[in-house]
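S.K.: Here's a structure for you.
The values are calculated or read from the model by the stated rules, or taken from the named source; none is laboratory data. In this text the structure is predicted, and so the values were computed from the model without any measurement. Every residue, glycine as well, gets a Cβ built from its backbone with ideal geometry; the counts of neighbours run over all protein chains shown. For accessibility, only protein heavy atoms count, side chains too; no ligands or nucleic acids. Shrake-Rupley method; radii C 1.70, N 1.55, O 1.52, S 1.80 Å.
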Amino acid sequence: MKRFLIVLATGAALAAVNLPMAAADTRSAAAPTTSSCTAPSVQAPAGTAVESVTALRREGGTIDGTGVVGGTVTGVPAFCEVTVTLTHPGDNDHAKVLTWLPVSGWNGRFQALGGSAFAVGDNGVGMGTAVKNGYAATTTDGGLGDAVDVSWALDAKGEVNRALLKNLASRSQHEASILGKQVVAAHFGRQASYSYFNGCSTGGRQGYMEAQRFPDDFDGILAAAPGVNWDEFEVATLWPQVVMNNEKTYPSACEFKAFTDAAVAACDPLDGARDGLVNDASRCDFDPRRLIGTTVVCDGRELTVTAADAAVVRKIWDGPRSTSGRKLWSGVPVGADLTGLAGTVLGPDGQSKGAPFPVPQLWATTFLKKQPSFDVSTITYDRFTRLFEQSRAEYDEIIGTDDPDLSAFRDSGGKLLSWHGQADQFIPTQGTVDYRRQVERTMGGAQRVDDFYRLFLVPGAAHCGLNKGAGTVDDLASLVTWVEQGKAPRTLSAGLIDAAGQTVGRDLCRYPEVSRYRGYGDTGAASSFRCVLPSRH
């Protein structure tokens, strides 16, 4: 179960498997088959030195994703793998930049792949998917490790290795884009016609970072479930554990599900159709105290929901607050799986205790306390507030990724397409919405921002995968059409999974619009719904 949760949270590769992100028409930019697989000459990006360049022909086939994220992609055609190893003199780092070049059928486009959790780049599945769909693809490890490996984070003095953190935060992705484009040009004899970035979670944050800090790197950026405001949301997502530990109440997974199911049942009809999909989770005001005294059957036992259980759920949904009641961050969205961040296990004494999700736990223990063995179960409400403020003070500048001024990206002609699941159990959806609102306030309102940046919220979708990976969305295809033909997406065509487990068609609405049933027609057909402004707007 824990590995399953890690996979969901580190979803860049997962998204590559489950979403047809490369379904875009590749004919317009098609290029002929070209040269053999040889190591090209490359120029080191500013501030770096190239240590080695190698090339290896790979026959493709089935590619299994490395590390805890895993995943598999089949039917990958033969490709040339070019590896550039570079260092930042004085930082003692060794970052590998991988570029996969299709042996035949290159569509003339370049695609860079983002990372997952603490991994800077893709684990192979996204790269394989990109090559399978005709792209030349690039990613980098930033000189770090796997998604939940932070063994690099502290130096011999017990201080945070700021150079490697900078690799994770921004510079390695930027340098990979520079080197990847050089490799493509050297191999095919011409520059790619268009360049794209593709990422989810950490990869989504990297996409927003590119738009903010390196606006000329990409023509189009696809950034799903982005971890913007990393310094704040990473601490905020430890809140469910802090609540359970301080309230000394640990609802079981079954009890948590009872609260979620009740909330979805209450708020599902808001869009006019009962299908198990809450189309505007932020409007769901279900009060968990309504379940106090009811019974739920868990593992064959009848349990009575207590006031303490309801209080825990209410605090988790509400989100982190300071001891004075000041709102610090948004909570887990109503409808999301509460066990993602409020996981529990049975201790040796048979009593339940918290089982923190690894990513926020590692951020707190390693980057804030600088004590990998620190017990997060000892965090009081007061200490939580102090950790939240410490994280913002120490790390916002390096990894906050929350600059709302995207004017340089707009002026470069770039397009940013972003989506976020309304049932994201790991990165609160509202953080992305709040960032979008900040951009609107900074850049002249929603209509002007829509010219280059569009956000879509996905009913019922978990982190980095529609309906836990079973859904589909034409995200990259829509971005390619926007970039190359100037046709901005009014909606995104998607297939979602309803309460009965059936695939239903939906046109995802552009924020701030939400989907509303027309009152007639098949609820499984997208044509039966329309996009409207929410009543509060």
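S.K.: From the residues Asn161, Gly145, Gly501, which one has its Cα farthest along the dipole of the chain in the positive direction, the dipole being from +1 and -1 charges on Cβ of Lys/Arg and Asp/Glu about the Cα centre?
M.R.: About the Cα centre, the residue reaching furthest to the positive side is Gly501.
S.K.: Could you look at the chain and say what percent of its accessible area is carbon and sulfur, using a 1.4 Å probe and all protein chains?
M.R.: Its accessible area is 48 percent carbon and sulfur atoms.
S.K.: OK, next. Treating cross-link reach as a plain straight distance, find the aspartates and glutamates whose alpha-carbon is under 16 Å from the alpha-carbon of Lys132, omitting any fewer than eight places away in the same chain.
M.R.: Of all the aspartates and glutamates, those that pass the test against Lys132 - Cα under 16 Å, at least 8 places apart if same chain - are Asp25, Glu59, Asp64, Glu81, Asp122.
S.K.: Taking every pair of Cα atoms in segment 71-123, average 1/r, invert it to obtain the Kirkwood radius, and report Rg/Rh to two decimals.
M.R.: For segment 71-123, the value is 1.04.
S.K.: Using only the Cα atoms of segment 353-437, what are the Rg and Dmax in Å?
M.R.: 16.5, 52
S.K.: Can you give the FRET efficiency for Cys298 and Glu159, using 1/(1 + (r/R0)^6), R0 = 45 Å, r = Cβ-Cβ distance, to the nearest 0.05?
M.R.: 0.50
S.K.: On to the next question. Give me the one-decimal Kirkwood hydrodynamic radius in Å for segment 85-244, with the sum taken over alpha-carbon pairs.
M.R.: About 16.2 Å for segment 85-244.
S.K.: Just in segment 192-270: which trypsin sites (Lys or Arg not before Pro) are loop by DSSP and have at most 11 other Cβ atoms within 10 Å?
M.R.: Within segment 192-270, the qualifying trypsin sites (Lys or Arg not before Pro) (loop, at most 11 other Cβ atoms within 10 Å) are Lys248.
S.K.: From largest accessible area down, sort Glu81, Glu59; use a 1.4 Å probe on the protein chains.
M.R.: Reading off the accessible areas and sorting them downward yields Glu59, Glu81.
S.K.: Same structure again: Using only Cα atoms, what is the ratio of the radius of gyration of the chain to 2.2 N^0.38 Å?
M.R.: With N residues counted in the chain, Rg over 2.2 N^0.38 Å equals 0.96.
S.K.: Work out, in µm²/s and without decimals, the Stokes-Einstein translational diffusion coefficient of segment 233-335 at 4 °C, 1.567 mPa s, Rh from Kirkwood over C-alpha pairs.
M.R.: 90 µm²/s
S.K.: Using Stokes-Einstein with the Kirkwood hydrodynamic radius over Cα pairs, what translational diffusion coefficient do you get for segment 118-189 at 37 °C and a viscosity of 0.692 mPa s, in µm²/s rounded to a whole number?
M.R.: The calculation lands on 242 µm²/s.
S.K.: Starting from the exponent 0.38 and prefactor 2.2 Å, build the expected Rg for segment 425-537 from its residue count and divide its actual Cα Rg by it.
M.R.: Expressed relative to 2.2 N^0.38 Å, the Cα Rg reads 1.11.
S.K.: Next question, about the same structure. Treat every Asp and Glu Cβ in segment 409-500 as -1 and every Lys and Arg Cβ as +1, leave all other atoms uncharged, and give the resulting dipole magnitude about the Cα centre to the nearest 20 debye.
M.R.: Charge dipole, segment 409-500, about its Cα centre: 180 debye, nearest 20.
S.K.: Here's something else I'd like to know. Using a Debye calculation, one point per C-alpha and no hydration shell, please list log10 I(q)/I(0) for segment 309-370 at q = 0.26 Å⁻¹ in order.
M.R.: Results for segment 309-370 at q = 0.26 Å⁻¹ read -1.18.
S.K.: As an exercise, identify the trypsin sites (Lys or Arg not before Pro) in segment 315-411 lying in DSSP coil whose Cβ has no more than 14 other Cβ atoms within 10 Å.
M.R.: Answer by residue number: Arg326, Lys370.
S.K.: Report for the chain the percent antiparallel among DSSP-assigned beta bridges with both residues inside it, nearest 5.
M.R.: 65 percent
S.K.: Which value, in Å to one decimal place, does the Kirkwood hydrodynamic radius take for segment 144-230 when every pair of different Cα atoms is included?
M.R.: Kirkwood hydrodynamic radius for segment 144-230: 14.3 Å.
S.K.: Ranked from highest to lowest mean number of other Cβ atoms within 10 Å per residue, what is the order of the peptides 516-525, 264-273?
M.R.: 264-273, 516-525
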